[in-house]
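The values are calculated or read from the model by the stated rules, or taken from the named source; none is laboratory data. What you see is a predicted model, and the numbers here were worked out from it, not measured in a lab. Because the Cβ atoms are built from the backbone with ideal geometry, glycine has one as well, and the counts that use them run over all protein chains shown. Each accessible area value is taken on the protein alone, full model and side chains, heavy atoms only, with ligands, DNA and RNA left out. Shrake-Rupley method; radii C 1.70, N 1.55, O 1.52, S 1.80 Å.
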Amino acid sequence: MDIAEQLVNGILDTLPLQIAVIDETSSIIYVNQAWRAFGLFYGLELNTDWFGIAYLDICRANEDTNLPLLINGIENVLSGKSGHFSMDYLCHTPTKQPTWLTLNLQPMQTTLADNKLFLLSLTNITHHKQVEDRISALTHTDPLTGLANRRRLEQFMRDEWSRAIRHQSSLSVMMIDADHFKQLNDSMGHAAGDECLRKLAGILKRYSNRPGDMAARYGGEEFVLILGQTTQQEAIKIAERIRQKVMELDIRFAGHRLMTISIGIASLGMHQSTSHKEQHARNQSLNFSEDGDLLIEQADKALYVAKKQGRNRVEVYDKHHRLTVPLTF
Ligand SMILES: Nc1nc2c(ncn2[C@@H]2O[C@H](COP(=O)(O)OP(=O)(O)OP(=O)(O)O)[C@@H](O)[C@H]2O)c(=O)[nH]1
(Lines give C-alpha, C1' and ligand atoms only; values in the text may rest on other atoms or scores of the structure.)
Protein backbone atom coordinates (compact mmCIF):
# COMPACT_ATOMS: atom_id res chain seq x y z
CA MET A 1 0.00 0.00 0.00
CA ASP A 2 1.56 3.31 -1.01
CA ILE A 3 1.29 6.45 1.08
CA ALA A 4 -1.62 7.92 -0.93
CA GLU A 5 -3.58 4.68 -0.58
CA GLN A 6 -2.89 4.53 3.17
CA LEU A 7 -3.99 8.13 3.48
CA VAL A 8 -7.28 7.55 1.63
CA ASN A 9 -7.99 4.43 3.72
CA GLY A 10 -7.19 6.39 6.86
CA ILE A 11 -9.59 9.16 5.84
CA LEU A 12 -12.40 6.73 4.96
CA ASP A 13 -11.98 4.84 8.24
CA THR A 14 -11.92 8.06 10.28
CA LEU A 15 -15.14 9.45 8.78
CA PRO A 16 -18.19 9.03 11.04
CA LEU A 17 -20.23 8.39 7.87
CA GLN A 18 -20.99 4.72 7.06
CA ILE A 19 -19.66 4.13 3.58
CA ALA A 20 -19.95 1.18 1.22
CA VAL A 21 -19.13 0.76 -2.44
CA ILE A 22 -21.46 -1.52 -4.37
CA ASP A 23 -21.64 -2.66 -7.99
CA GLU A 24 -24.58 -2.81 -10.42
CA THR A 25 -25.88 -6.00 -8.77
CA SER A 26 -25.71 -4.24 -5.37
CA SER A 27 -22.84 -6.53 -4.28
CA ILE A 28 -20.68 -4.88 -1.65
CA ILE A 29 -17.04 -4.47 -2.61
CA TYR A 30 -15.91 -2.10 0.14
CA VAL A 31 -17.07 -0.92 3.57
CA ASN A 32 -15.37 1.55 5.88
CA GLN A 33 -14.78 1.28 9.63
CA ALA A 34 -17.97 3.19 10.59
CA TRP A 35 -19.99 0.68 8.54
CA ARG A 36 -18.34 -2.21 10.36
CA ALA A 37 -18.91 -0.51 13.72
CA PHE A 38 -22.64 -0.12 13.02
CA GLY A 39 -22.75 -3.84 12.20
CA LEU A 40 -21.80 -4.46 15.84
CA PHE A 41 -25.26 -3.27 16.90
CA TYR A 42 -26.75 -6.12 14.85
CA GLY A 43 -24.44 -8.63 16.57
CA LEU A 44 -22.02 -8.75 13.62
CA GLU A 45 -18.27 -9.00 14.17
CA LEU A 46 -16.03 -6.06 13.37
CA ASN A 47 -14.18 -8.25 10.90
CA THR A 48 -17.31 -9.58 9.16
CA ASP A 49 -16.58 -10.26 5.51
CA TRP A 50 -18.99 -7.95 3.71
CA PHE A 51 -17.47 -8.56 0.31
CA GLY A 52 -19.98 -10.01 -2.20
CA ILE A 53 -23.06 -9.59 0.02
CA ALA A 54 -25.89 -8.01 -1.98
CA TYR A 55 -26.96 -4.79 -0.29
CA LEU A 56 -30.50 -5.13 -1.66
CA ASP A 57 -30.76 -8.52 0.09
CA ILE A 58 -29.76 -6.85 3.36
CA CYS A 59 -32.46 -4.22 2.79
CA ARG A 60 -35.13 -6.79 1.95
CA ALA A 61 -34.29 -8.87 5.02
CA ASN A 62 -34.78 -6.00 7.45
CA GLU A 63 -38.22 -4.62 8.17
CA ASP A 64 -36.82 -1.07 8.61
CA THR A 65 -35.44 -1.07 5.07
CA ASN A 66 -37.79 -3.42 3.23
CA LEU A 67 -39.67 -0.39 1.97
CA PRO A 68 -40.81 -0.18 -1.68
CA LEU A 69 -39.69 3.46 -1.88
CA LEU A 70 -36.19 2.63 -0.65
CA ILE A 71 -35.76 -0.57 -2.70
CA ASN A 72 -37.06 1.10 -5.90
CA GLY A 73 -34.86 4.14 -5.32
CA ILE A 74 -31.75 1.96 -5.05
CA GLU A 75 -32.73 -0.16 -8.07
CA ASN A 76 -33.31 2.94 -10.19
CA VAL A 77 -29.81 4.25 -9.51
CA LEU A 78 -28.18 0.84 -10.10
CA SER A 79 -30.01 0.46 -13.42
CA GLY A 80 -29.10 3.99 -14.52
CA LYS A 81 -32.74 5.20 -14.47
CA SER A 82 -31.83 7.91 -12.00
CA GLY A 83 -28.57 9.63 -11.16
CA HIS A 84 -29.00 9.87 -7.39
CA PHE A 85 -31.18 8.58 -4.56
CA SER A 86 -31.56 9.86 -1.04
CA MET A 87 -34.00 8.86 1.70
CA ASP A 88 -34.38 9.21 5.47
CA TYR A 89 -35.52 6.14 7.38
CA LEU A 90 -35.86 4.97 10.96
CA CYS A 91 -33.64 2.09 11.95
CA HIS A 92 -34.25 -0.14 15.00
CA THR A 93 -31.13 -2.03 15.92
CA PRO A 94 -31.73 -4.69 18.57
CA THR A 95 -29.32 -3.12 21.05
CA LYS A 96 -29.57 0.60 20.45
CA GLN A 97 -32.10 3.42 20.61
CA PRO A 98 -34.01 3.97 17.34
CA THR A 99 -31.69 5.72 14.92
CA TRP A 100 -32.59 7.94 11.97
CA LEU A 101 -30.39 7.46 8.93
CA THR A 102 -30.11 9.24 5.60
CA LEU A 103 -29.21 6.87 2.79
CA ASN A 104 -27.43 8.41 -0.21
CA LEU A 105 -26.59 6.49 -3.35
CA GLN A 106 -24.89 7.73 -6.50
CA PRO A 107 -22.65 6.42 -9.28
CA MET A 108 -18.91 6.86 -8.68
CA GLN A 109 -16.58 8.66 -11.02
CA THR A 110 -13.95 5.94 -11.26
CA THR A 111 -12.12 3.89 -13.86
CA LEU A 112 -10.98 1.33 -11.29
CA ALA A 113 -13.17 -1.55 -12.40
CA ASP A 114 -14.97 -2.67 -15.55
CA ASN A 115 -18.21 -2.63 -13.57
CA LYS A 116 -19.97 0.56 -12.71
CA LEU A 117 -19.48 1.36 -9.04
CA PHE A 118 -21.77 3.21 -6.68
CA LEU A 119 -21.07 5.07 -3.49
CA LEU A 120 -23.53 4.29 -0.71
CA SER A 121 -23.44 6.32 2.47
CA LEU A 122 -25.53 6.26 5.64
CA THR A 123 -25.51 9.37 7.79
CA ASN A 124 -26.84 9.33 11.34
CA ILE A 125 -29.35 12.20 11.55
CA THR A 126 -31.03 11.17 14.83
CA HIS A 127 -29.92 14.35 16.58
CA HIS A 128 -31.40 16.56 13.81
CA LYS A 129 -34.65 14.61 13.90
CA GLN A 130 -34.87 15.05 17.68
CA VAL A 131 -34.35 18.80 17.32
CA GLU A 132 -36.98 18.86 14.54
CA ASP A 133 -39.42 16.95 16.79
CA ARG A 134 -38.79 19.37 19.67
CA ILE A 135 -39.37 22.38 17.41
CA SER A 136 -42.49 20.78 15.98
CA ALA A 137 -43.78 20.07 19.52
CA LEU A 138 -43.11 23.68 20.51
CA THR A 139 -44.91 25.09 17.49
CA HIS A 140 -47.92 22.90 18.27
CA THR A 141 -48.10 23.38 22.03
CA ASP A 142 -49.59 26.15 24.12
CA PRO A 143 -46.79 27.25 26.47
CA LEU A 144 -49.03 28.14 29.43
CA THR A 145 -50.98 24.88 29.69
CA GLY A 146 -48.95 22.37 27.67
CA LEU A 147 -52.09 21.50 25.70
CA ALA A 148 -52.19 21.50 21.90
CA ASN A 149 -52.48 24.97 20.43
CA ARG A 150 -55.05 26.12 17.90
CA ARG A 151 -52.88 25.30 14.89
CA ARG A 152 -52.44 21.68 16.04
CA LEU A 153 -56.12 21.44 16.93
CA GLU A 154 -57.25 22.51 13.45
CA GLN A 155 -54.98 19.95 11.84
CA PHE A 156 -56.21 17.20 14.20
CA MET A 157 -59.83 18.23 13.67
CA ARG A 158 -59.53 17.91 9.88
CA ASP A 159 -58.02 14.41 10.28
CA GLU A 160 -60.66 13.25 12.78
CA TRP A 161 -63.46 14.73 10.70
CA SER A 162 -62.45 12.80 7.59
CA ARG A 163 -61.81 9.67 9.66
CA ALA A 164 -65.32 9.90 11.15
CA ILE A 165 -66.86 10.35 7.69
CA ARG A 166 -64.81 7.48 6.25
CA HIS A 167 -65.59 5.05 9.08
CA GLN A 168 -69.08 6.36 9.70
CA SER A 169 -68.23 6.86 13.34
CA SER A 170 -69.40 9.53 15.74
CA LEU A 171 -67.35 12.56 16.67
CA SER A 172 -68.04 15.21 19.28
CA VAL A 173 -66.51 18.60 19.91
CA MET A 174 -66.72 20.64 23.11
CA MET A 175 -66.02 24.32 23.36
CA ILE A 176 -65.22 25.19 26.97
CA ASP A 177 -64.97 28.68 28.40
CA ALA A 178 -64.21 29.82 31.95
CA ASP A 179 -67.02 31.96 33.37
CA HIS A 180 -66.45 35.53 34.53
CA PHE A 181 -62.74 35.07 33.99
CA LYS A 182 -62.10 38.79 33.68
CA GLN A 183 -63.48 39.19 37.19
CA LEU A 184 -61.36 36.28 38.43
CA ASN A 185 -58.24 37.93 37.01
CA ASP A 186 -59.20 41.27 38.47
CA SER A 187 -59.74 39.88 41.94
CA MET A 188 -56.98 37.24 42.14
CA GLY A 189 -54.35 38.70 39.82
CA HIS A 190 -53.18 37.58 36.40
CA ALA A 191 -50.65 35.03 37.73
CA ALA A 192 -53.35 33.30 39.79
CA GLY A 193 -55.58 33.44 36.68
CA ASP A 194 -52.85 31.61 34.77
CA GLU A 195 -52.71 28.95 37.47
CA CYS A 196 -56.48 28.46 37.20
CA LEU A 197 -56.15 27.97 33.44
CA ARG A 198 -53.44 25.35 34.06
CA LYS A 199 -55.71 23.51 36.52
CA LEU A 200 -58.58 23.59 34.04
CA ALA A 201 -56.22 22.29 31.32
CA GLY A 202 -55.16 19.47 33.68
CA ILE A 203 -58.79 18.34 33.99
CA LEU A 204 -59.33 18.49 30.21
CA LYS A 205 -56.17 16.46 29.66
CA ARG A 206 -57.56 13.68 31.87
CA TYR A 207 -60.64 13.45 29.64
CA SER A 208 -58.77 13.25 26.36
CA ASN A 209 -56.72 10.08 26.65
CA ARG A 210 -57.73 8.05 23.62
CA PRO A 211 -55.97 8.37 20.25
CA GLY A 212 -58.98 10.15 18.66
CA ASP A 213 -59.14 12.71 21.49
CA MET A 214 -57.46 16.05 21.85
CA ALA A 215 -57.62 18.86 24.38
CA ALA A 216 -56.46 22.21 23.07
CA ARG A 217 -56.31 25.81 24.17
CA TYR A 218 -58.31 27.69 21.59
CA GLY A 219 -57.30 31.10 22.86
CA GLY A 220 -57.49 33.09 26.12
CA GLU A 221 -59.75 31.26 28.57
CA GLU A 222 -61.35 29.18 25.83
CA PHE A 223 -60.57 25.49 25.28
CA VAL A 224 -61.68 22.80 22.83
CA LEU A 225 -62.01 19.10 23.45
CA ILE A 226 -62.28 16.77 20.47
CA LEU A 227 -63.68 13.34 21.30
CA GLY A 228 -63.35 10.75 18.55
CA GLN A 229 -65.97 7.97 18.38
CA THR A 230 -68.07 9.75 20.95
CA THR A 231 -71.78 10.30 20.50
CA GLN A 232 -73.62 13.40 21.61
CA GLN A 233 -75.09 11.55 24.60
CA GLU A 234 -71.66 10.36 25.72
CA ALA A 235 -70.21 13.83 25.20
CA ILE A 236 -72.92 15.36 27.40
CA LYS A 237 -72.01 12.95 30.23
CA ILE A 238 -68.30 13.78 29.90
CA ALA A 239 -69.03 17.50 29.77
CA GLU A 240 -71.10 17.29 32.95
CA ARG A 241 -68.26 15.45 34.70
CA ILE A 242 -65.76 18.10 33.59
CA ARG A 243 -68.07 20.86 34.79
CA GLN A 244 -68.32 19.13 38.20
CA LYS A 245 -64.54 18.62 38.41
CA VAL A 246 -63.95 22.33 37.83
CA MET A 247 -66.38 23.20 40.63
CA GLU A 248 -64.60 20.71 42.88
CA LEU A 249 -61.40 22.73 42.45
CA ASP A 250 -63.24 25.12 44.76
CA ILE A 251 -61.52 28.21 43.42
CA ARG A 252 -63.27 31.25 44.90
CA PHE A 253 -62.90 34.80 43.69
CA ALA A 254 -64.51 38.18 44.12
CA GLY A 255 -65.42 37.22 47.69
CA HIS A 256 -67.66 34.22 47.19
CA ARG A 257 -67.95 33.38 43.47
CA LEU A 258 -66.95 29.81 42.54
CA MET A 259 -64.90 29.30 39.40
CA THR A 260 -67.12 27.54 36.84
CA ILE A 261 -67.12 26.80 33.13
CA SER A 262 -69.68 26.79 30.35
CA ILE A 263 -69.59 24.13 27.66
CA GLY A 264 -71.04 23.96 24.13
CA ILE A 265 -71.22 20.60 22.36
CA ALA A 266 -71.62 19.73 18.69
CA SER A 267 -71.61 16.17 17.37
CA LEU A 268 -71.47 14.42 14.07
CA GLY A 269 -74.33 11.95 13.74
CA MET A 270 -76.50 13.43 16.45
CA HIS A 271 -80.09 12.35 15.81
CA GLN A 272 -81.14 9.27 17.73
CA SER A 273 -84.13 8.50 15.50
CA THR A 274 -82.12 7.58 12.40
CA SER A 275 -79.58 4.83 11.89
CA HIS A 276 -75.86 5.51 12.01
CA LYS A 277 -75.54 5.02 8.25
CA GLU A 278 -78.47 7.32 7.50
CA GLN A 279 -77.05 10.02 9.76
CA HIS A 280 -73.75 10.00 7.93
CA ALA A 281 -75.36 9.92 4.51
CA ARG A 282 -77.31 12.98 5.57
CA ASN A 283 -74.26 14.69 7.02
CA GLN A 284 -72.45 14.26 3.74
CA SER A 285 -75.42 15.26 1.62
CA LEU A 286 -75.76 18.42 3.72
CA ASN A 287 -72.46 19.32 2.13
CA PHE A 288 -70.50 19.41 5.37
CA SER A 289 -67.59 18.81 2.96
CA GLU A 290 -64.20 17.92 4.45
CA ASP A 291 -64.39 20.91 6.74
CA GLY A 292 -64.26 19.86 10.38
CA ASP A 293 -64.24 23.52 11.41
CA LEU A 294 -68.00 23.43 11.07
CA LEU A 295 -68.30 21.31 14.21
CA ILE A 296 -66.14 23.80 16.13
CA GLU A 297 -68.36 26.65 14.93
CA GLN A 298 -71.46 24.76 16.07
CA ALA A 299 -69.91 23.99 19.48
CA ASP A 300 -69.11 27.69 19.76
CA LYS A 301 -72.73 28.59 19.06
CA ALA A 302 -73.88 26.12 21.72
CA LEU A 303 -71.37 27.71 24.13
CA TYR A 304 -72.87 31.10 23.36
CA VAL A 305 -76.26 29.70 24.34
CA ALA A 306 -74.82 28.27 27.58
CA LYS A 307 -73.44 31.71 28.46
CA LYS A 308 -76.75 33.40 27.58
CA GLN A 309 -78.70 30.95 29.70
CA GLY A 310 -76.77 31.70 32.87
CA ARG A 311 -73.29 30.02 32.60
CA ASN A 312 -71.99 26.96 34.52
CA ARG A 313 -73.95 24.71 32.18
CA VAL A 314 -73.66 22.39 29.21
CA GLU A 315 -75.57 23.14 26.01
CA VAL A 316 -75.82 21.16 22.80
CA TYR A 317 -76.01 22.52 19.30
CA ASP A 318 -79.23 21.32 17.73
CA LYS A 319 -82.25 22.54 15.81
CA HIS A 320 -83.94 23.66 19.00
CA HIS A 321 -81.22 26.18 19.72
CA ARG A 322 -81.08 27.35 16.17
CA LEU A 323 -84.81 28.07 16.29
CA THR A 324 -85.16 29.57 19.71
CA VAL A 325 -82.03 31.57 20.31
CA PRO A 326 -81.27 34.47 18.03
CA LEU A 327 -77.55 34.09 17.38
CA THR A 328 -75.67 37.16 16.34
CA PHE A 329 -72.08 36.75 15.19
N1 LIG B 1 -54.73 34.98 33.58
C2 LIG B 1 -55.00 34.93 32.29
N3 LIG B 1 -56.10 35.51 31.81
C4 LIG B 1 -56.38 35.44 30.52
C5 LIG B 1 -55.56 34.73 29.63
N6 LIG B 1 -56.10 34.80 28.39
C7 LIG B 1 -57.22 35.55 28.51
N8 LIG B 1 -57.40 35.93 29.78
C9 LIG B 1 -58.44 36.79 30.34
O10 LIG B 1 -59.70 36.17 30.27
C11 LIG B 1 -60.68 37.22 30.34
C12 LIG B 1 -61.81 36.90 29.42
O13 LIG B 1 -62.78 37.88 29.62
P14 LIG B 1 -64.14 37.93 28.84
O15 LIG B 1 -63.94 37.53 27.42
O16 LIG B 1 -64.77 39.23 29.10
O17 LIG B 1 -64.98 36.77 29.45
P18 LIG B 1 -65.39 36.44 30.95
O19 LIG B 1 -64.99 37.53 31.90
O20 LIG B 1 -64.87 35.08 31.27
O21 LIG B 1 -66.93 36.41 30.85
P22 LIG B 1 -67.85 35.23 30.31
O23 LIG B 1 -67.02 34.41 29.34
O24 LIG B 1 -68.98 35.90 29.61
O25 LIG B 1 -68.26 34.44 31.47
C26 LIG B 1 -59.98 38.51 29.97
O27 LIG B 1 -59.90 39.32 31.12
C28 LIG B 1 -58.60 38.07 29.55
O29 LIG B 1 -57.61 38.99 29.90
C30 LIG B 1 -54.38 34.12 30.16
O31 LIG B 1 -53.59 33.47 29.46
N32 LIG B 1 -54.15 34.23 31.47
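The listed residues are GLY212, GLY292, GLY269, and the only one of them that is modelled with pLDDT under 95 and in contact with a Ser or Thr (Cβ under 6 Å, 6 or more places away or on another chain) turns out to be GLY269.
Scanning the range 93-108 for residues that are under 12 Å from VAL21 (Cα atoms) and part of a loop (DSSP other than H, G, I, E, B) returns a single hit, MET108. In the range 292-313, how many residues are within 12 Å of the ligand (Cβ to nearest atom) and in contact with a helix residue (DSSP H, G or I) (Cβ under 8 Å, 6 or more places away or on another chain)? Qualifying residue count, the range 292-313: 2. Hey, any hits in the range 212-230 for a residue that's out of contact with any helix residue (DSSP H, G or I) (no Cβ under 9 Å at 6 or more places or on another chain), open to solvent by 40 Å² or more (accessible area, probe 1.4 Å) and assigned by TED's automatic domain parsing to the domain that holds GLN298? No - not one qualifying residue is present in the range 212-230. Among the residues making up the range 183-207, those that are open to solvent by 20 Å² or more (accessible area, probe 1.4 Å) and more than 16 Å from the ligand (Cβ to nearest atom) are LYS205, ARG206, TYR207.
Residues in the range 300-314 that are over 33 Å from the mean Cα position of the chain (by Cα), part of a loop (DSSP other than H, G, I, E, B) and not polar (S, T, N, Q): GLY310, ARG311. For the range 214-236, filtered to residues that are part of a loop (DSSP other than H, G, I, E, B) and closer than 19 Å to ALA164 by Cα, the residue that is farthest from the ligand (Cβ to nearest atom) is GLN229. LEU90 meets the conditions (1) away from the ligand (no atom under 16 Å from the Cβ); (2) touching a helix residue (DSSP H, G or I) at 6+ places or on another chain (Cβ under 9 Å); (3) outside the structural domain of ALA61 (by TED's automatic domain parsing) in every case but one. The failed one is (3). Only one entry in GLY43, GLY52 is exposed (fewer than 14 other Cβ atoms within 10 Å of the Cβ) and touching a residue at least 40 places away in the same chain (Cβ under 8 Å), namely GLY43.
The set of residues in the range 1-33 that are assigned to a helix (DSSP H, G or I) and out of contact with any helix residue (DSSP H, G or I) (no Cβ under 8 Å at 6 or more places or on another chain) comprises ILE3, ALA4, GLU5, GLN6, LEU7, VAL8, ASN9, GLY10, ILE11. Scanning the range 47-91 for residues being among the small types (Gly, Ala, Ser), outside any helix (DSSP H, G or I) and over 27 Å from the mean Cα position of the chain (by Cα) gives a total of 6.
Anything in the range 157-182 that is away from the ligand (no atom under 16 Å from the Cβ) and in contact with a Leu (Cβ under 9 Å, 6 or more places away or on another chain)? List them, or say none. Of everything in the range 157-182, those that are away from the ligand (no atom under 16 Å from the Cβ) and in contact with a Leu (Cβ under 9 Å, 6 or more places away or on another chain) turn out to be MET157, GLU160, TRP161, ARG163, ALA164, ILE165, SER169, SER170, LEU171, SER172, VAL173.
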